[in-house]
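Below is one structure, written out as structure tokens; comments come after it.
A short reminder: the numbers here are calculations on the coordinates, not readings from a lab. Just so it is clear, the structure is predicted and the values come from calculations on it, not from any experiment. Positions of Cβ are backbone-derived with ideal geometry, glycine not excepted, and every protein chain shown enters the neighbour counts.
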């Protein structure tokens, strides 16, 4: 599994710093805010269609607040939860959430059946 401490960026107390209230962030600023190196951010742009920074002046990237939040979410899925790139992509696209919801419903149905059986045993 990937280790966020291997990124070379030190996180204060293991937590990410607060996002300042500005409109645009450079790739270096996003790197510091998210604990991810710039080359990783560029790679993630290719892998995650949701991550689309604005490009201006000589192809420089400018990330908006929602991009920074998306990077943090991707980082969490990959580094903290241990998802693969493909798995994280599914989670972000909503397919993972649909699967989780179906699985949750199935588990709840099974639990209900088991509880009803226990109730019948107790009533005897």
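Quick check, is residue 59 surrounded by fewer than 10 Cβ atoms within 10 Å (Cβ to Cβ) and within 26 Å of residue 24 (Cα to Cα)?
In short, yes.
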### Query
Across region 54-75, what is the total count of residues that are touching a helix residue (DSSP H, G or I) at 6+ places or on another chain (Cβ under 9 Å) and either under 20 Å from residue 17 (Cα atoms) or touching a residue at least 40 places away in the same chain (Cβ under 8 Å) (or both)?
10
### Task
Output the number of residues of region 12-53 satisfying the condition of being surrounded by 12 or more Cβ atoms within 10 Å (Cβ to Cβ) and not in a helix (DSSP H, G or I).
13
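Would you say residue 121 is part of a helix (DSSP H, G or I) and farther than 22 Å from residue 15 by Cα? Spell out how you get there, then give the answer.
On the way: part of a helix (DSSP H, G or I): yes; farther than 22 Å from residue 15 by Cα: yes.
Taking the combined requirement at face value, the residue satisfies it.
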### Query
Just wondering, is there one or more residues in region 65-79 that are part of a loop (DSSP other than H, G, I, E, B) and surrounded by 14 or more Cβ atoms within 10 Å (Cβ to Cβ)?
no
### Message
If I filter region 87-101 for residues that are within 29 Å of residue 20 (Cα to Cα) and either part of a loop (DSSP other than H, G, I, E, B) or in contact with a strand residue (DSSP E or B) (Cβ under 6 Å, 6 or more places away or on another chain) (or both), do I get at least one hit?
### Response
yes
